[in-house]
Amino acid sequence: LLTGRFEEALAAIADAIGAGFPASDLQDLSITANKALHGPAWSVKNEYGSRHFDVASDLSKDVCRKVALELEETFRHVSRRLRLGEHIESRKFQVYVFSGAGRYQDYISDVFGGRGENTLGMYSPFLKQLLVLDSPQHDLLMHTVRHEGFHQLLDSELDDPPNWLNEGLAEYFAAARTEGGSWKDGQIHATRLAALQGKYRGRLIPLEEFLYQDQATFLKD
């Protein structure tokens, strides 16, 4: 399951149950593997495939197309800026966009890692899926898409990157904008700046502690 061999994982689970292991003990593993293979069980599903991304949603095909194009734009610039390996060019990444918070939370609730740190989206390294909750605010939706899309790209290159690197670069590229036909990263993230000047003023964590925080501590505040 951890290496992405989901069909083999299901076969191993079936063998274990057949050998006498309680099915209830393996239920969470089975659910995760099935979700990885089949995605959400939507009664209505629209899809859009781009060069590197297959986007599906219980919303319109146009939503899928807009998310795919945003991810392709991020892919082009991030892969060039970070000099990601050539093997990434042949990858197809899976993305699901949910219309409502209830369905989104239900889908991620029993997946390893629990609820996403960002309630509008998460990338699951276990499912190898980018999961996004739709938002009426277009800029907020696309910021989430860029942020979580970066996690998806980095996961294809690095096993278990440090939190400060993974989250820091995700926010760095999420704040990027395309202006006048040219990509501009390194933009000031207004919300983060306001937090640093406001409630976090004088409360910064020493660097020697920050670099080695575990995920739970890092995401707590």
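Results, tabulated for the structure shown:
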| quantity | calculated |
| --- | --- |
| Filter on 66/199; 35/66; 35/61; 35/184 - keep pairs with C-alpha separation over 26 Å | 66/199; 35/184 |
| Ratio of Rg to Rh over segment 93-201 (Cα coordinates, Kirkwood Rh, two decimals) | 0.98 |
| Cα-centre dipole for segment 135-209 with unit charges at Cβ (Lys and Arg positive, Asp and Glu negative), debye to 20 | 600 |
| Check: segment 57-209 dipole with +1 on Lys, Arg Cβ and -1 on Asp, Glu Cβ, in debye | 420 |
| Residue among 63, 97, 44 with the largest mean-square fluctuation in a Gaussian network model of the chain, springs linking Cα atoms under 10 Å | 44 |
| Of the trypsin sites (Lys or Arg not before Pro) in segment 145-208, those whose Cβ has at most 16 other Cβ within 10 Å and which sit in DSSP loop | 199, 201, 203 |
| Accessible surface, the chain, averaged per residue in Å² (probe 1.4 Å) | 57 |
| Cα-based helix-to-principal-axis angle, 138-155 vs the chain, degrees rounded to 10 | 60 |
| For the chain, the longest site-free run once GluC sites (Glu not before Pro) in DSSP loop states with at most 15 other Cβ atoms within 10 Å are removed | 1-116 |
| Low-density loop cleavage sites - chymotrypsin sites (Phe, Trp or Tyr not before Pro) in segment 1-66, where at most 16 other Cβ are within 10 Å (DSSP) | 42 |
| Label assignment, Kirkwood radius over Cα pairs in Å derived from the structure, set (1) 19.9; (2) 18.9; (3) 17.9 | (2) |
| Fraction of accessible area attributable to carbon and sulfur, segment 159-221 (%, probe 1.4 Å) | 54 |
| Considering only segment 1-160, percent of DSSP beta bridges that pair antiparallel, nearest 5 | 45 |
| Mean residue ellipticity (222 nm) of the chain, computed from DSSP H runs ≥ 4 via -39,500 (n - 2.57), nearest 500 | -14500 deg cm²/dmol |
| Relative contact order (%) - criterion: Cα under 8 Å, at least six apart; region: the chain | 15 |
| Selection of trypsin sites (Lys or Arg not before Pro), segment 41-85, meeting DSSP coil and at most 16 other Cβ within 10 Å | 45, 51, 83 |
| Inter-label distance for residue 76 and residue 189, nm, one decimal - labels placed 7 Å from Cα along Cα-to-Cβ | 2.4 |
| Tilt relative to the chain, helix 163-174 - C-alpha long axis, 0 to 90 degrees, to 10 | 70 |
| Cα point-scatterer Debye curve for segment 1-40, base-10 log of I(q)/I(0) at q = 0.14, 0.18, 0.29, 0.30 Å⁻¹ | -0.27, -0.44, -0.98, -1.02 |
| Degrees between helix 27-38 axis and first principal axis of the chain (Cα, 0 to 90, nearest 10) | 70 |
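The values are calculated or read from the model by the stated rules, or taken from the named source; none is laboratory data. Just so it is clear, the structure is predicted and the values come from calculations on it, not from any experiment. Don't worry about glycine lacking a Cβ; one is built from the backbone with ideal geometry, like all the others, and counts go over all protein chains shown. Remember, those area values only see protein heavy atoms, side chains included, never the ligands or the DNA or RNA. Shrake-Rupley method; radii C 1.70, N 1.55, O 1.52, S 1.80 Å.
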